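Chemist: Have a look at this one before I ask anything.
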Amino acid sequence: MSLPRLTLFDTDPAELAVDAIVVGVHSRNGDAAGELLVGAGAESVAAAFDGRFLDTLRLLGATGGAGEVVKMATLGTVAAPLVVAIGLGAEPTGASPAPETLRRGVGAAVRALAGQGKIALALPVPDDDETLPAAVRAQAEGALLGAYRFAGYKSTPPKRQPVRSVAVHVPDARDRGARAEIKHAAVVAGAVARTRDWVNTAPNELRPPDFADQVVSAATEAGLEATVLDEKALRRGGYGGIIAVGSGSQAPPRLVRLDYTPTGTPACRIALVGKGITFDTGGVSIKPSQGMWEMKCDMAGAAAVAATMLAVAALKPNVAVTAWLPMAENMPSGTAYRPGDVITMYSGKKVEVLNTDAEGRMILADAIARACEESPDYLLETSTLTGGQVVSLGKRIAGVMGTAALCERVRTAGDATGEPAWPMPLPDDVRQAMESAVADISQVHAGLERVGTMLQGGIFLSEFVAPDVSWAHIDIAGPAFHSGEPTGYLTKGGTGVPVRTLLQVIDDLATT
């Protein structure tokens, strides 16, 4: 979909001719019983109501709580016919609200304003060069992501179309830093939206060959080098894990490689790997039917990595990045792989299959081993790998495992972008329990498949990482898909996690 156009303005918000003006309000005590306070940036708008602004908002139910959205007709008091107040929580001391508070509040407001053409944000932004960029970026990203809507398959399109244009109030609209931030936000949000589109696509329209074709087309247009291995090349190359998982489907598997090379000497070499199971029935170890439709999102890792590469091509960081996207459809059939099979992986390791529903690690292991052959300095892999991630950390927090220093970078980047992640261990006793009597390793913990499943997945993948490669596995089984009602800048369906985290880590590695 097309996202809103972003601009900056530094004139009086009360005099701006737009369809709606978005302002912030705080609660002095940070709760519903607290006194309402006008957020910075909205002073002139509040003043136009001759002292009735906060009283009117309070009558409409405003409390200032974070994430709250309250609409109010202006009746000519300001140029815009509509004011939308978003709750920003307790008034910050000496700084603007946290970026994620702004991002979520703006996202909720822009989504609520569907049907309006042009809106303006008169929200708190600091006037110092150090903290201004984060506030501008947060507002811009929130606006773009909140406006996202999947085109879908409805015969009649919705009557209320997303907002077309968003203006962000800043101290100086000519400031180069602020202008750079909205350009950056547009690239990042575009990558997130592309990820969401792929995840939300019906699985009958995005089988492995289709997915590969779409990724290659987008990558080529962006100026990336793209290579695809089809099922014949995969078999010849010894990619046993990818071939095994894809063997049950009439739509054959693929392995897509994307390359970005900077113009100068790269600061480092990064490999990205993303799981691309375009639909996961569980194979012979078939899943329960309830909720199986969500398994169209099992390719969210590959979608995020592919879209990250598109953003990398636009942002041009001084690093070399290669992405590996293994794609397969996990289906039950007479040709499907079975529990008890022993698969020879790309690395040469022999894996005993105990559960065909633990298929993601099989295709990722091949891709990880292949990526490590090129000796990257860092390897970042992301996947909707285990239900254990949701059990342990819920639907919003990803699990991250691997090299401690890189995992900490991921955690820090997740905090900065609003995509939280939490480091998890790789215990030796779990690895010992995955020993196989007939192969080098069992695919899962024999007899205890549902105990520590997130850790089992990470441990299995660690077996295929070269010893000298710093790596991180990001399990996004929960965060990749939002099945509830829209909230903040998240719409129902694909979220685009962890595109923003990956881009933040890449930027950090390029500049440190």
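The values are calculated or read from the model by the stated rules, or taken from the named source; none is laboratory data. All of these numbers come straight from a predicted model, not from anything done at the bench. Please note: Cβ atoms are built from the backbone with ideal geometry, for glycine as well, and neighbour counts cover all protein chains shown.
Chemist: What are the pairs with Cβ atoms under 9 angstrom where one residue, in region 172-192, is under 16 Å from Val125 (Cα atoms) and at pLDDT 95 or above and the other, located anywhere, is surrounded by fewer than 17 Cβ atoms within 10 Å (Cβ to Cβ) and among the aromatic types (Phe, Trp, Tyr)? Sequence gap at least six, or different chains.
Modeler: What qualifies is Ala173/Phe9.
Yes or no, residue by residue, for (1) buried (at least 24 other Cβ atoms within 10 Å of the Cβ); (2) in contact with a Lys or Arg (Cβ under 9 Å, 6 or more places away or on another chain); (3) of a type in the set (Val, Ile, Thr); (4) outside the structural domain of Ala358 (by TED's automatic domain parsing):
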| site | (1), (2), (3), (4) |
| --- | --- |
| Pro262 | no, yes, no, no |
| Thr265 | no, no, yes, no |
| Gly282 | no, no, no, no |
| Gly301 | yes, yes, no, no |
| Ala304 | yes, no, no, no |
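Results for (1) assigned by TED's automatic domain parsing to the domain that holds Gln139; (2) acidic (Asp, Glu); (3) crowded, with 23+ Cβ neighbours inside 10 Å, shown as yes or no for each residue.
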| position | (1), (2), (3) |
| --- | --- |
| Thr412 | no, no, no |
| Ala416 | no, no, no |
| Asp428 | no, yes, no |
| Glu435 | no, yes, no |
| Asp440 | no, yes, no |
| Leu461 | no, no, yes |
| Pro479 | no, no, yes |
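Chemist: Out of curiosity, is Leu258 buried (at least 23 other Cβ atoms within 10 Å of the Cβ), modelled with pLDDT of 95 or more and farther than 21 Å from Asp475 by Cα?
Modeler: Yes, satisfied.
Chemist: Among the residues in region 283-296, are any aliphatic (A, V, I, L, M), touching a residue at least 24 places away in the same chain (Cβ under 8 Å) and assigned to a loop (DSSP other than H, G, I, E, B)?
Modeler: Within region 283-296 (the criterion being aliphatic (A, V, I, L, M), touching a residue at least 24 places away in the same chain (Cβ under 8 Å) and assigned to a loop (DSSP other than H, G, I, E, B)), the answer is yes, since at least one residue qualifies.
Chemist: In region 375-389, how many are out of contact with any strand residue (DSSP E or B) (no Cβ under 7 Å at 6 or more places or on another chain), farther than 19 Å from Pro425 by Cβ and surrounded by fewer than 24 Cβ atoms within 10 Å (Cβ to Cβ)?
Modeler: Qualifying residue count for the region: 1.
Chemist: Also, I was wondering about something else. So in region 199-239, with the set limited to residues that are touching a strand residue (DSSP E or B) at 6+ places or on another chain (Cβ under 7 Å) and free of Cβ contacts under 8 Å to residues at least 24 places away in the same chain, which one is farthest from Ser2 (Cα to Cα)?
Modeler: Of everything passing the filter in region 199-239, Leu234 is farthest from Ser2 (Cα to Cα).
Chemist: Which ones in region 186-198 are surrounded by fewer than 24 Cβ atoms within 10 Å (Cβ to Cβ) and either in a loop (DSSP other than H, G, I, E, B) or touching a strand residue (DSSP E or B) at 6+ places or on another chain (Cβ under 7 Å) (or both)?
Modeler: Listed by number, the list holds a single entry, Ala186.
Residue-wise test of (1) surrounded by 23 or more Cβ atoms within 10 Å (Cβ to Cβ); (2) over 27 Å from Val188 (Cβ atoms); (3) not assigned by TED's automatic domain parsing to the domain that holds Val353.
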{"residue": "Ala218", "(1), (2), (3)": "no, no, no"}
{"residue": "Glu225", "(1), (2), (3)": "no, no, no"}
{"residue": "Gly241", "(1), (2), (3)": "yes, yes, no"}
{"residue": "Ala311", "(1), (2), (3)": "yes, no, no"}
{"residue": "Val321", "(1), (2), (3)": "yes, no, no"}
{"residue": "Ala328", "(1), (2), (3)": "yes, yes, no"}
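Chemist: Something else now. Report, by residue number, each residue of region 481-508 that is over 14 Å from the mean Cα position of the chain (by Cα), assigned to a helix (DSSP H, G or I) and either surrounded by fewer than 24 Cβ atoms within 10 Å (Cβ to Cβ) or not assigned by TED's automatic domain parsing to the domain that holds Trp293 (or both).
Modeler: Those that are over 14 Å from the mean Cα position of the chain (by Cα), assigned to a helix (DSSP H, G or I) and either surrounded by fewer than 24 Cβ atoms within 10 Å (Cβ to Cβ) or not assigned by TED's automatic domain parsing to the domain that holds Trp293 (or both): Asp507, Asp508.
Chemist: Give Ala472, Ala466 a once-over and let me know the one that is outside any helix (DSSP H, G or I), assigned by TED's automatic domain parsing to the domain that holds Ala358 and touching a Leu at 6+ places or on another chain (Cβ under 6 Å).
Modeler: Result: Ala472 is the single residue among Ala472, Ala466 that is outside any helix (DSSP H, G or I), assigned by TED's automatic domain parsing to the domain that holds Ala358 and touching a Leu at 6+ places or on another chain (Cβ under 6 Å).
Chemist: Okay, moving on. Which numbered condition in (1) surrounded by fewer than 19 Cβ atoms within 10 Å (Cβ to Cβ); (2) over 19 Å from Thr11 (Cα atoms); (3) more than 18 Å from the chain's Cα centre (by Cα) is the only one that Asp172 fails?
Modeler: Looking at each condition in turn, Asp172 falls short on (2).
Chemist: Restricting attention to region 47-102, report how many residues are surrounded by 14 or more Cβ atoms within 10 Å (Cβ to Cβ), of a type in the set (Asp, Glu) and in contact with a Ser or Thr (Cβ under 9 Å, 6 or more places away or on another chain).
Modeler: 2
Chemist: For region 138-148, state whether one or more residues are outside any helix (DSSP H, G or I) and within 17 Å of the chain's Cα centre (by Cα).
Modeler: yes
Chemist: Among the residues of region 36-46, which ones are surrounded by fewer than 18 Cβ atoms within 10 Å (Cβ to Cβ) and among the aliphatic types (A, V, I, L, M)?
Modeler: Scanning region 36-46 gives a single hit, Leu37.
Chemist: Among the residues of region 240-266, count how many are touching a strand residue (DSSP E or B) at 6+ places or on another chain (Cβ under 9 Å) and closer than 28 Å to Val319 by Cα.
Modeler: Residues in region 240-266 being touching a strand residue (DSSP E or B) at 6+ places or on another chain (Cβ under 9 Å) and closer than 28 Å to Val319 by Cα: 10 in total.
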